[in-house]
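What follows draws every value from the coordinates through simple rules; no lab data is involved. This is a predicted model, so every value here is computed, not measured. Using ideal geometry, Cβ is built from the backbone for each residue, glycine included, and neighbour counts are taken over all protein chains shown.
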Amino acid sequence: MSIELGHFALILAFAIATMGAIGGYAFWRSGARIAQVLSQAAILQFVLVAVAFLALVQAFVTSDFSLLLAVNHSHSLKPLIFKISGVWGNHEGSMVLWIFILVSFGAMVAAFGRRLPHDLLTLVLATQSLLTAAFAGFTILTSNPFARVFPAPLQGNDLNPVLQDIGLAIHPPLLYAGYVGFSVCFSFAIAALISGRIDQAWARWVRPWAMLSWTFLTLGIAMGSYWAYYELGWGGWWFWDPVENASFMPWLAGTALLHSALVMEKRNALKIWTIFLSIITFSLSLLGTFLVRSGILTSVHTFASDPTRGLVILSLLALVIGGAFFLFALRAAALRQGGLFAPVSREGALILNNLFLATAVGAVLVGTLYPLLLDALAGTSISVGAPFFNLTFGALMAPLLLVLPFGPLLAWKRADVVAAAQRLIGAAALAVFFTILISALGGVSISLAPLGLLLGFWVAFGAFAELVERAKLGRIPTQESWRRLAGLPRSIWSTAIAHFGIGITVLGIVSTSAWESELVTTLNPGETAELAGYSIAFDSFAQVPGPNYLADEGRFTITGPNGQTRQTMADRRTYVASGMPTTEAAIETYGFSQLYLQLGEPLENTHVVRVWHKPYITLIWLGTLLMALAGIISLTDRKVRVGAPRRARRAAPEPAE
């Protein structure tokens, strides 16, 4: 009965969302009453979709194979965590998760948006309801996750083995939270275009939602990157896969949105551009949805889907995105740009930041979609791979990284770039020193690696220049400097930590790209191989049964350059239900570096073993975690968390004498 209850709850949520969208747009000028009704409707949508989602979870956990979705994507022998993650390891279930996160954000707007003007709150919730109705209707009509099968089989077909991993249990919810979170920024943009209410207060309301979504998306991309690194057995952390690009583009646009909204909040400038970014960021999130579910891509990230369903998604996106940009075209001319400022100022630096980020989005978008469009229109197949993206993206990011430390040191409205450069002399000296040191230790060669290291150290050390300046370190007593540091707003700390994280990620990318070493060899138990000062001894090989797979397991002893030994294990698994194989690599971490070992397919009398030494590769993900931490710290700053002052209550009338 729970399956039917979940199905009914989703249909009821669709009906309430539809009525909420219609009523909200029709009566958005009606004041507090319609705002209250839509707030209650948003919370009710959350409750109903939660019931629908939990019904699917219960069916997967209990291995209820009367549910067609569980038959196709589950198995009774799966561990519990992978039974739960199997709910969103497919198209239909992932759409329910998408809708659940969408209504969760709508409910949060209703709960925390009570200080918003009633007309703006009504329009935001109406737009959220419209999105909920669109995706819920698509799911109910074309991708029903509650379909039954009769007679029910005794066993399911199992989940794709590469998805049976803790990384894939975490990655999609984080990524979807980032994607869907930007729907709130989109809804605020639509509300501003309809009502004409776009000012500094609007930017203060939007920034926390943009920051929260950006933080989730950062964590989701980082988790997906690390999952691909250790689970797929390729030893790479980014492949410029079209679906990876589809998540990266809204991250770039969202980063630009955060900086643009800051200019709008502080200087009441860049209004039209901020509205445009709010629309384009969520539009790029929807583009990722289309690429994953349209059937036009073949990727480990995509869900198998029929072309008809892809056309429905494309039509839906055309209506949502096209309608938003049509409204933008009608209303943008009536919006005022706001405050003026000199080119050399913090506003100017943030505009330069937006220029590079927007161009990077365009480059990635062209490289991702051009092969697909060419194939669809001319029947010509071409491949746009890593060389194109590395060259174009690197060329755009290098100058951005060069000017990044200057931004926080420039004053609003008009600034002195020479004075800012003088404050960065210490950071520049440290960057040069460490670049020379690391290059010497890694082996000096004619390459771009030293320049990449210089940029990474420059950004990392330059990130704290503003903190040093504000605390007056070295110019006043140390105790007073620490007191100043402790009293700085959290938004200042979050900016420094985020920029420091970018520098750390750049250092990891450059180091592992420049000094990675690889060995492909054949080994039998008892034999040894050498790589980058490490000795890899093949100890034993055995076939070991798992909970729902059989594993060819190799055990190795790794002796490091300092003589320390470690035992590790790599295996190849064949899953019982599907017969599909997966590779589980052995990864040993030494400081910030890793030794990555993969057991290849067995040959007639030996085994193929692939080993990579990846220096400082963990800095890539450490940097992204620091960026996400910066987002969390920023959200705890009261000036960011509180968007607008509480409405003044009307004074009670004095009693007549």
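Please find the FRET efficiency linking L319 to R484, where r is the Cβ-Cβ separation and R0 is fixed at 56 Å, and quote it to the nearest 0.05.
That pair, L319 with R484, gives E of 0.60.
State, as an integer percentage, the relative contact order of segment 440-567 based on alpha-carbon contacts under 8 Å between residues 6 or more apart.
On the way: 136 pairs, mean separation 24.2, N = 128.
Relative contact order of segment 440-567: 19 percent.
Arrange the peptides 340-351, 190-201 so that the one whose residues have, on average, the most other Cβ atoms within 10 Å appears first.
Result, highest mean first: 190-201, 340-351.
Quick query: amide H of V609 versus all other amide H atoms, modeled in the peptide plane; which residues come in under 5 Å with a sequence gap of 5 or more or a different chain?
The answer is T521, T522, L523, G600.
Please compute the contact order of the chain in relative form: average sequence separation of alpha-carbon pairs under 8 Å and at least six residues apart, divided by the residue count, as a percent.
Over the chain, the number comes to 12 percent.
Gap in Å between the Cα centre of segment 316-335 and the Cα centre of segment 513-560?
56 Å
What are the semi-axes of the equivalent ellipsoid of the chain, taken as the square roots of 5 times the eigenvalues of the Cα gyration tensor, listed largest first and rounded to whole Å?
Each semi-axis is √(5λ); the values are 42, 37, 22 Å.
How far, in nm, would the chain grow between S578 and E601 when pulled straight, counting 0.36 nm per residue and subtracting the alpha carbon separation?
Numbers: separation 23, 0.36 × 23 = 8.28 nm, distance 1.85 nm.
Result for the pair: 6.4 nm of gain on full extension.
Given a Förster distance of 25 Å, report the FRET efficiency between E530 and L437 from their Cβ-Cβ distance, rounded to the nearest 0.05.
Approximately 0.40, to the nearest 0.05.
Arrange E588, E530, E244 by Cβ neighbour counts within 10 Å, fewest through most, would you?
Listed from fewest to most nearby Cβ atoms, that is E530, E588, E244.
Quick check on the exposure proxy: order E527, E604, E516 from fewest to most C-beta atoms within 10 angstrom.
The most exposed by this proxy come first: E604, E527, E516.
Which FRET efficiency value, to the nearest 0.05, is calculated for V544 and Q58 with the Förster distance at 35 angstrom and r the Cβ-Cβ distance?
Calculated value: 0.60.
Percent relative contact order of segment 491-621, based on C-alpha pairs within less than 8 angstrom and at least six residues apart?
Contact order relative to length: 26 percent.
Could you run the Karplus curve 6.51 cos²θ - 1.76 cosθ + 1.60 with θ = phi - 60° over segment 527-533 and give me ³J(HN,Hα) per residue in whole Hz, x for Gly and Pro?
Result, ordered by residue: 9, 9, 10, 10, 7, 6, x Hz.
Can you tell me which aspartates and glutamates have their Cα less than 17 Å from the Cα of K413? Leave out same-chain residues fewer than eight positions away.
E265, E347
So who's got an amide H within less than 5 Å of the one on Y549, skipping anything under 5 residues away but keeping other chains? H placed 1.01 Å off N, in plane.
Amide H neighbours of Y549: V576.
Test of understanding: what is the full-extension gain from W412 to L391, defined as 0.36 nm times their sequence separation minus their Cα-Cα distance? Don't jump to the answer; show the numbers that get you there.
Working: separation 21, 0.36 × 21 = 7.56 nm, distance 3.37 nm.
The W412-L391 span can extend by a further 4.2 nm.
Determine the calculated [θ] at 222 nm for the chain from helices alone, applying -39500 (n - 2.57) to every DSSP H run no shorter than 4 residues and normalising by the residue count; nearest 500 deg cm²/dmol.
After summing the helix terms and dividing by residue count, I get -21000 deg cm²/dmol.
I'd like the distance between the alpha-carbon centres of segment 91-106 and segment 1-57, rounded to an integer number of Å.
13 Å
Give the aspartates and glutamates whose C-alpha is closer than 15 Å to that of K472, dropping any in the same chain fewer than 8 places away, or say none.
E480
Could you pull out every residue, at least 5 positions away or on a different chain, whose amide H is within less than 5 Å of the one on H75? Hs are placed 1.01 Å off N in the peptide plane, and Pro or chain starts have none.
D158, L159
Run a plain Debye calculation on segment 116-246 (Cα atoms as equal point scatterers, no solvent) and give log10 I(q)/I(0) at q = 0.12, 0.13, 0.14 Å⁻¹, rounded to two decimals, same order as the q list.
For the requested q values the scattering log ratios are -0.70, -0.78, -0.86.
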